[in-house]
Amino acid sequence: PTPTSILDGNFVIGVWASASRQQVRTLSAIDDLSYSGPWIQVSRLGMPLTNEAVIPIGQKDFWNSLTPYDEIGETTLDEFFYNPELALYMDDALFGPAVPAFSALRIQRNSLQSFDFGNGQDGLFGLKGNPALAGTALDDAVFGTLLLPGPGKPRSVDLWPIFHTGVPNVAPYQLATGKGGNPLANGKPFINNFLPNGGDMLRLNMAVPVTPRNDPNFSSLGIVQAAVLGLTDPTYNGSTVMEFIPNMDGFPNGRRLEDDVTRIELQAVSGVALAAIGLWYDDYTAGDPNPVTGKLLSVLTYSTGVESNDKTFSGSFPYVAEPSSGAGDCGGPVFVGTSELFQGIIGMSPRPALMKNYPNPFRDQTTFEFKVNYPMRGTVRVYDVTGQYRATAFTGDLPQGEFTHSWNASGLPAGMYVANLYDSNGNLIQSAKILKTE
């Protein structure tokens with residue numbers, strides 16, 4: 001089929017993924033690790049950062065056990081979208097001063113001198129039943145029962161639908177362009193990824209054209225930048241006609257690799273979507289012809305300090321660059337030990353030596369590494385988990401400093417063992433668990 005428009009609602013898809021494990025994991029001293037029982041979902045992913053930034057720690061396991069379709073009936077988690085924890089740090093009346101890095105991000109507490117979107121406030125709920133809502137998405141005859149469910153749920157009109165239903169191309173969810181100061185009026189269309197078929201999903205409208213990467217307007221701010229252009233650029237803000245605005249295909253109406261989802265979601269929590277539809281920031285006075293105030297500019301120009309990827313994307317699958325090495329510059333310095341490590345606790349004698357082996361687990365051969373505080377004679381004896389002596393992996397002089405010894409264990413069956421390091425007097429210095437595999 002061919003889309004009837006660039007925001008055709010019949011071309012919206014919902015994407016999510018999950019990971020599951022079998023319920024029982026069995027560890028054995030003589031056999032391989034095994035799994036059994038039914039598969040249990042342990043994590044899921046839809047919109048980026050839902051789990052990380054919206055769901056609080058105490059509810060993460062529960063949220064990860066659900067599917068988006070479970071969330072149609074499971075509504076207790078909705079409160080974390082209505083009153084997001086992150087918003088507490090973008091409100092000077094709450095914990096805003098505690099996070100200086102968020103100082104540019106402040107939520108509307110007195111938008112149009114009428115509406116308070118701070119946590120625990122009513123947002124637009126005071127309009128419930130008002131004839132001004134007739135025909136809008138907030139009308140109970142349309143989607144009002146979803147979007148204005150009750151008092152004390154201020155972000156039910158922006159954050160909750162962004163994550164849980166997608167945003168419909170119905171007033172008030174159109175740009176303030178052409179609204180004449182009334183946020184409930186029809187404006188310029190810029191998004192339609194509405195798909196109320198469950199909870200958290202990445203909802204994409206496949207009818208929206210792609211912004212070429214070489215377009216000078218291409219931006220990592222995704223649909224936030226599309227809104228900026230639709231409000232301020234004379235090419236687009238002269239009418240309410242539906243037309244393609246660069247970056248309409250960006251997050252959250254898309255998931256381009258370049259989109260800075262962290263910054264976009266921080267801006268969204270700070271109310272940028274509300275501002276885009278005409279619910280401006282507190283330093284705007286209703287009726288003023290210019291809504292571009294200092295607080296709006298602070299949110300739009302906010303930066304996390306990370307403006308681009310450190311490696312270029314490729315032109316073919318999988319498009320992303322190879323991951324950085326954990327031992328490279330991005331992984332930080334590699335810890336190789338310090339002399340202080342072997343000096344012992346103040347007032348106590350230092351341990352003569354420390355021992356580890358690698359690889360572990362191993363198949364036929366492993367290497368013991370010793371870090372020796374002073375010269376000594378040592379012996380490494382290997383025992384099975386029943387305490388039965390099985391082999392001597394090393395015996396000899398250990399010089400001060402670092403010393404390695406390779407041990408061939410091909411004569412032992414697979415299983416878990418304990419390697420004990422003894423000094424020349426038979427005193428146990430250290431024990432280490434080692435695992436030999438098939």
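The values are calculated or read from the model by the stated rules, or taken from the named source; none is laboratory data. Since the model is a prediction, treat every value here as computed from it, not as a measurement. In this analysis, Cβ positions are derived from the backbone assuming ideal geometry, glycine residues included, and neighbour counts consider all displayed protein chains.
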> So which of G230, G250, G222 is touching a residue at least 12 places away in the same chain (Cβ under 8 Å), touching a strand residue (DSSP E or B) at 6+ places or on another chain (Cβ under 6 Å) and among the small types (G, A, S)?
Replying inline: G230
> Can you pull out the strands (runs of 3 or more DSSP E) entirely within region 1-56 that have at least 2 residues that are in contact with a Lys or Arg (Cβ under 8 Å, 6 or more places away or on another chain) and closer than 26 Å to A226 by Cα?
Replying inline: 12-15
>> Looking only at region 173-212, count every residue that is closer than 21 Å to F163 by Cβ, aliphatic (A, V, I, L, M) and either outside the structural domain of L133 (by TED's automatic domain parsing) or part of a loop (DSSP other than H, G, I, E, B) (or both) and tell me the total.
In response: 5
> Just one of L88, L146 is surrounded by 15 or more Cβ atoms within 10 Å (Cβ to Cβ), free of Cβ contacts under 8 Å to residues at least 40 places away in the same chain, part of a helix (DSSP H, G or I) and among the hydrophobic types (A, V, I, L, M, F, W, C); which is it?
Replying inline: L88
> Would you call V24 free of Cβ contacts under 8 Å to residues at least 24 places away in the same chain and touching a strand residue (DSSP E or B) at 6+ places or on another chain (Cβ under 7 Å)?
Replying inline: yes
> Quick one: how many residues across region 255-311 are assigned to a loop (DSSP other than H, G, I, E, B) and of a type outside the set (G, A, S)?
Replying inline: 28
> What are the residue pairs meeting all of these: first residue in region 410-427, first residue outside any strand (DSSP E or B), second residue surrounded by 15 or more Cβ atoms within 10 Å (Cβ to Cβ), Cβ atoms under 7 Å, and 6 or more apart or on different chains?
Replying inline: L412/R390; L412/A391; L412/K436; A414/K436; S424/M376
>> Being modelled with pLDDT of 95 or more, surrounded by fewer than 18 Cβ atoms within 10 Å (Cβ to Cβ) and of a type outside the set (A, V, I, L, M) is the filter here; which residues of region 190-211 pass it?
In response: P209
> What number of residues in region 360-374 are of a type outside the set (D, E, K, R), within 12 Å of W407 (Cβ to Cβ) and outside any strand (DSSP E or B)?
Replying inline: 1
> So which residues in region 223-251 are part of a helix (DSSP H, G or I) and either within 29 Å of the chain's Cα centre (by Cα) or not assigned by TED's automatic domain parsing to the domain that holds V208 (or both)?
Replying inline: I223, V224, Q225, A226, A227, V228, L229, G230
>> Of the residues G315, G347, G332, only one is assigned by TED's automatic domain parsing to the domain that holds D423, more than 20 Å from the chain's Cα centre (by Cα) and at pLDDT below 85; which?
In response: G347
> Which numbered condition trips up G187, out of (1) modelled with pLDDT of 95 or more; (2) under 27 Å from the mean Cα position of the chain (by Cα)?
Replying inline: (2)
